[in-house]
Every structure is written in C-alpha cells, then in structure tokens.
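The values are calculated or read from the model by the stated rules, or taken from the named source; none is laboratory data. Everything quoted here is computed from the prediction, not taken from an experiment. Note: ideal-geometry Cβ built from the backbone for every residue, glycine included; neighbour counts use all protein chains shown.
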Amino acid sequence: MKPADYCFEVSWEVCNKVGGIYTVLSSKAAAMKMQYDTGYFAVGPYFAGKVGGELSEKVPPDLLNPVFEKLKAEGIICHYGSWLVESEPQAVLIDFASFTGRKNEIKRELWDNYRIDSLNTQYFDYDEPVIWAYAAGRLIEAFAAAQQSSKIVAHFHEWLAAAGLLYLHSRKAGVATVFTTHATTLGRTVTNANMDIYSFLGHVDPEQEAYKLGVHTKHQTEAAAAANADVFSTVSDITAMEAEHFLKKAPQVILHNGLNMSHFPTFEEASVRHRQLKRKVNEFASYYFFPYYTFDLEETLYYFLSARYEFHNKGIDVFIRALGQLNQALKSEKSKKTIVTFLWVPANIRGIKRELIENRTQFQDIRDTIVDDLEFVKEHLVTSVVSQKKITDVDLLSSDTLFELKRKVMKFKKNGLPPLSTHDLYDEDKDGILSACRAAGLNNAAEDRVKVVFYPIYLTGADGLLDLNYYESMQGSHLGVFPSFYEPWGYTPLEAASLGVCSVTTDLSGFGKYVEPHSAQKKFPGVFIVKRSEVADDDFVKSLAAVLTTFAHYSNDERIKNKIEAKHVSTLADWKFMIRQYMTAHQIAVSKHWE
C-alpha cells in the first residue's frame, strides 16, 4: 500500500542533467510511478535551452490546472508533461524567472526563520536554486490546499531543493517532508580542497569551518532542512557518518542508490557483447601502440578508471602508483601479460594528437586493403584445401596486395614511444595525471607490461578514436578500478557490475560499503573491496597493486567466474528492491506528520 495519496519529488536535476542525482531519479522513476501511479510528480527547474529531449510537454490535468493558474499570477510559471525516461512519469518544471523579484524577501525569511546567512551570495551559485526551490514549495502548498482530504509527501534532494522544504515547514502546509543529502556541502568542499575529511569528523566546528571555506550559506540551508524535515535521509552509511558530524543530525533512513536492472544485459548477452566490443578496443590498441612496437593481444587485459578529474578524491593518484607497482611485478617475473589501462578522465584539451590521427588513418588503410582482397583469399583457400595443395602466402593474399601491404606497413612504423595521452593538453607539463605516470615509471616503453592511455574526453561513441560510448567502453574491457577516497555512493562499480564487468572499489565508497558483507569472503568476488578506511596511502597502494596483480594472473575461467559474481552483486542494488527504503521513509514521514 502506498504511504500517501500523492508524492512530489523535488530536485534541481529533474529534466536537468548535471550530475549523479539525475541518474538516481531517472533510473528510479519507473519504480516510483509503480508505487504512486498517477499520484507521482517529479518537480524540477525549467530551462528552455535544456528541456528538449527531456520533457514532452502536455496540457496539465484538471487536478493541476487551477493550481497552475493561481501560481501564474504570482510569477511562477509551471510546465507540465512527461519526463522522457522509462515509464515517462509526470513532471512539473518551474519557470521562476518572474519570481526572482522576491529574492530578498526569500532570503530575509530564511534568516528570520532559520538563521541562514545569505548576504553577498552569488545569483547562479546560491540565489537561483533557492528561488526555484521556494517556488516549488509554493506549488506543493497550493496543491495541498486544493486537496485537503489527501495525504501528500514531498521528497527534497540536496541543499539546492532544501528551501522548498523550509517554505513548507514555515507555513505549516500540511505536507509530510523527506530530505535527502547525497553528500554534505561541507564534506564535498573539504575533500575538493584536498583536506582529509575523516580527520575533520568530530574535531572541528562545522559552522566555523563552513565560514572559513566560504560555503556557510549552503551548509546552513542543508542543516536547517535536515533538522526540520519529518524524515532526514542519506544515501550510504559513509554519508550518514559525515552528516551526523557536519549537520548534527543522524539520518533516520538510509536510501541506497540503485539501477533498473531490467535495462542491462543478461550474463549471456554481456559475454557476447564483450567479445564484440573487445575487438574494437583491440583495434584501438593496435594503431595506438603497434607503430612503435607490438605485443600479443591474446595476452592483453584492459583495465580502466572513469571519473571526474578529482585527482585525490577519485583515487587517481593511488591507482597510478599501484599500476607502477603492477608494472614492476610483471616485468620482474617476465610475464607475457600486457595490461593496457585507460584513464577516462575529461580534462582541458586542444585536440587529438596528430600522430594518433595518422596512425589510425594508416591502420584503416591497411585493413581496407586486406578487406578488398578477401574474395580472392576465399577463392584460393577453398581451391587449395580441396586440391590438397600446400597453402602459401599467395593463396592468402595476391602478390600485388602483399607488395602493397609491405609498403604501407613500413609507412605505419614510427620511432619513439606511444604517447601517454590521446590528446594534446593545455599545460601538459603541469598535468597531474601525466606527471604521476612518469613518476611511477609508466612511460609506455616497449618493456613495460603496463601501458597507459590517458583519454581526456567524454565517451560519446563518436569521438574519432574508440568511437564507443561509456557503457560500450566498459563492456569491451576486463576490470574497472575505482579506488575513491571520497565517494558518498559510487555508481561506476555498480554500472560495471550490471554490465558483467569486474571492478575494484573501496570501503570508503558508499556502494563498496554496501556490498562488502556480500563480497568480502568470496574467492571470486566480482566486485573487489580494498580496505582504505584508516589505512595509510602507501599501505593502500600495496593492497590495490596486489588485487590488480591477482586479476592479471587469473585464467580465463577464473575471470568468467568473477564476471558471473559481479553480475550477481549488481542485483543487490536493483530499484525493485531499493524502492522499499523510499516507501519506508515516506511512511515514517506521513506517520510523524499526522500522528
């Protein structure tokens, strides 16, 4: 039974893709609609330039139309339609441009009611989302007034929507409220400043630290919402610990993130897709490395890290150091394995390296020459086999083609070493990733068993190199490595597991902490959890390198067993199960509000 008659879920990222919360809401929408049916509304901001492909605008139903008309007179313009994600839930996007005249009044109310110090805030940084959130609160208040016999729950995400909750609270609007912080403002700011968040917990005054770092207004808004919501929640045990210290409020419910697993391939489908996509990755490796030297692609594994360029927070620093240790280990044992490691981390680029464009063009020319000769090859092979003749080079390729290929292969060869990056970067000499690779002895030398490809662009599927999108690039690889120092949840290892790809994460990741009890004792865990909590970086690097080395030594059968387990682990975070936590939070809020 649904906890309330209507649910309004309010987020800055409804129909507005900015970060990970968009993934949470869009992937969860079908489960929410299943619970509330026509009583579920996603509420977000209206930006004319962004709404295309996100909202299918429609005439508002009778339930909403009078509310919209009332708000229009107040400068709040509401757009109604279907959010173009699975199940197409109802969405209301608020155009608040004509409501901005109330900015100072809103900020004064927040000070009077909650002591939120918003003097000298910047419009696009703080004022804009607060004005929108207040308008969202007004929308829900007006709807509740028109539906007085109905129970309504309003769920607000992050500080950006928090002012809407505070509006309802200050008006005693008769709406049950839930507030979810996905990562505290102070926690994000501390870690982005390369400060050790875990040494801060319990040892600093959050208010003073927020003022010192210039995020006091957002911090105060977030803390006020946590304190005044009927239910305060976070997305992981890691964030719960952070919130208890920084917001002075322990969450009542943990709302773990999930994915809709019906959208992901079965293990059998994933296995077929891996073979298909690995061929494309092999092709990339061929023209990236083979002009300089060659190695056996049958003995090659592909590792990857995908993240924002947060060098310490995302564990890029320790991963590169661990790769250096893996390289030394494989070289010392004279391993035949080659580990090609992709760092899919967007950065400031000038363009694709010219030599790489040339390599790819020449590789494609060689491949096309062979393809053009395939009919000749097939004909001669069949004739040679049935006549029991010895197969020679001429049977495989015509003499003219062989001569032409020798010339093209000679042209394909280059002196020097493969580049560490696919693109020319601004301030390349100062780039943290490239500097760390060189410091770790990762130079893409012929004798190196670990090769690095810094791929500093978003994986769109049409980038002129791999030409694979994010999920395809994952599926063509063998192991994702996500050794984050600060990761309130961490979708990347979950996405990898959902695609049947093994991964490494840490116990400082919300997802890692969530699956640790399941994975820790398994011989083939699929998702490897490396302890990072209260562990020095040097010791963690050794532990991570040990996992990377173990995986490199796995047989094909052992890798398959890990892939099977990874796929199984992903089902633990299926929204069809995770949604129960949301319903629990809503039920507690409703019970508390109307007790």
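When residues in the stretch 288-306 are screened for being in contact with a Ser or Thr (Cβ under 9 Å, 6 or more places away or on another chain), surrounded by fewer than 21 Cβ atoms within 10 Å (Cβ to Cβ) and in contact (Cβ under 8 Å) with a residue 12 or more places away in the chain, 6 of them pass.
Listed by first and then second residue, the pairs linking a residue in the stretch 497-516 that is on the phi > 0 side of the Ramachandran plot to a residue that is crowded, with 24+ Cβ neighbours inside 10 Å, with Cβ atoms under 7 Å apart and 6 or more places separating them unless they lie on different chains, are Gly500/Ala566. Of all residues in the stretch 410-430, those satisfying the criterion of being over 14 Å from Val453 (Cα atoms), surrounded by 14 or more Cβ atoms within 10 Å (Cβ to Cβ) and touching a residue at least 24 places away in the same chain (Cβ under 8 Å) are Phe412, Lys414. Candidates are the residues of the stretch 553-595 that are touching a residue at least 12 places away in the same chain (Cβ under 8 Å) and of a type in the set (Phe, Trp, Tyr); the one that is surrounded by the most Cβ atoms within 10 Å (Cβ to Cβ) is Tyr582. Taking the criterion of being surrounded by fewer than 24 Cβ atoms within 10 Å (Cβ to Cβ), outside any helix (DSSP H, G or I), at pLDDT 95 or above and in contact with a Gly (Cβ under 8 Å, 6 or more places away or on another chain), the residues of the stretch 468-506 that qualify are Leu468, Asn469. For the stretch 75-116, which residues satisfy the criterion of being of a type in the set (D, E, K, R) and crowded, with 17+ Cβ neighbours inside 10 Å? Selection gives Asp95, Arg102, Lys103, Lys107, Glu109. Note on the stretch 113-130: residues that are of a type in the set (Val, Ile, Thr) and part of a helix (DSSP H, G or I) total 1.
Given the options Lys389, Lys378, Lys353, Lys331, name the one that is closer than 14 Å to Val450 by Cβ and surrounded by fewer than 20 Cβ atoms within 10 Å (Cβ to Cβ). Of the residues listed, the single one that is closer than 14 Å to Val450 by Cβ and surrounded by fewer than 20 Cβ atoms within 10 Å (Cβ to Cβ) is Lys331.
Evaluation of Phe528 against the conditions (1) part of a helix (DSSP H, G or I); (2) out of contact with any Asp or Glu (no Cβ under 8 Å at 6 or more places or on another chain) shows that the sole unmet condition is (1).
Return yes or no: is Ile357 β-branched (Val, Ile, Thr) and either at pLDDT 80 or above or within 29 Å of the chain's Cα centre (by Cα) (or both)? Against the criterion (β-branched (Val, Ile, Thr) and either at pLDDT 80 or above or within 29 Å of the chain's Cα centre (by Cα) (or both)), Ile357 qualifies. Residues that are touching a strand residue (DSSP E or B) at 6+ places or on another chain (Cβ under 6 Å) and either without any contact (Cβ under 8 Å) to a residue 12 or more places away in the chain or surrounded by 21 or more Cβ atoms within 10 Å (Cβ to Cβ) (or both) within the stretch 47-66 comprise just one, Leu55. With respect to the conditions (1) out of contact with any helix residue (DSSP H, G or I) (no Cβ under 6 Å at 6 or more places or on another chain); (2) part of a loop (DSSP other than H, G, I, E, B); (3) among the charged types (D, E, K, R); (4) in contact (Cβ under 8 Å) with a residue 60 or more places away in the chain, Lys523 lacks only one, and its number is (4). Please specify each residue of the stretch 71-119 satisfying the condition of being aromatic (Phe, Trp, Tyr) and under 14 Å from Pro45 (Cα atoms). Listed by number, the residues that qualify are Tyr80, Trp83, Phe96, Phe99.
None of Val14, Val24 is surrounded by 18 or more Cβ atoms within 10 Å (Cβ to Cβ), in a loop (DSSP other than H, G, I, E, B), at pLDDT 95 or above and not charged (D, E, K, R) except Val14. Going through (1) in a helix (DSSP H, G or I); (2) of a type outside the set (Lys, Arg); (3) over 31 Å from the mean Cα position of the chain (by Cα) one by one, Ser149 falls short only on (1). Of the residues making up the stretch 222-248, those that are surrounded by fewer than 18 Cβ atoms within 10 Å (Cβ to Cβ), in contact with a helix residue (DSSP H, G or I) (Cβ under 7 Å, 6 or more places away or on another chain) and closer than 26 Å to Ile152 by Cα number 0. Among the residues of this structure, Glu109 counts as one that is acidic (Asp, Glu), in the same structural domain as Gly214 (by TED's automatic domain parsing), touching a residue at least 24 places away in the same chain (Cβ under 8 Å) and in a helix (DSSP H, G or I).
Of all residues in the stretch 246-261, exactly one satisfies the criterion of being in contact with a His (Cβ under 9 Å, 6 or more places away or on another chain) and of a type outside the set (A, V, I, L, M, F, W, C), namely Asn257. Inclusion of Val535 among residues that are part of a loop (DSSP other than H, G, I, E, B) and closer than 17 Å to Phe319 by Cβ is warranted.
Buried (at least 19 other Cβ atoms within 10 Å of the Cβ), in contact with a helix residue (DSSP H, G or I) (Cβ under 6 Å, 6 or more places away or on another chain) and in the same structural domain as Pro517 (by TED's automatic domain parsing): does that describe Ile316? Against the criterion (buried (at least 19 other Cβ atoms within 10 Å of the Cβ), in contact with a helix residue (DSSP H, G or I) (Cβ under 6 Å, 6 or more places away or on another chain) and in the same structural domain as Pro517 (by TED's automatic domain parsing)), Ile316 does not qualify.
Every listed requirement among (1) surrounded by 14 or more Cβ atoms within 10 Å (Cβ to Cβ); (2) in a helix (DSSP H, G or I); (3) not hydroxyl-bearing (Ser, Thr, Tyr) is met by Val371 save one, (1). Filtering Asp205, Asp230 for residues that are of a type in the set (Asp, Glu), more than 22 Å from His245 (Cβ to Cβ) and assigned by TED's automatic domain parsing to the domain that holds Asn120 leaves a single hit, Asp230. From the list Asp424, Asp400, Asp365, Asp429, the lone residue that is within 24 Å of Phe311 (Cα to Cα) and part of a helix (DSSP H, G or I) is Asp429.
Which of the following residues is surrounded by fewer than 23 Cβ atoms within 10 Å (Cβ to Cβ), more than 23 Å from Thr266 (Cα to Cα) and modelled with pLDDT of 95 or more: Ala520, Ala446, Ala536? Steps first, please.
On the way: Ala520 fails: modelled with pLDDT of 95 or more; Ala536 fails: modelled with pLDDT of 95 or more.
After ruling out the rest, the residue left standing is Ala446.
Would you point out which residue out of Phe179, Phe143 is over 30 Å from His312 (Cα atoms), in the same structural domain as Thr217 (by TED's automatic domain parsing) and in contact (Cβ under 8 Å) with a residue 24 or more places away in the chain? Within the list Phe179, Phe143, the selection yields Phe143.
Only one of these is over 25 Å from Arg360 (Cβ atoms) and among the basic types (Lys, Arg): Lys430, Lys408. Name it.
The unique qualifying residue is Lys430.
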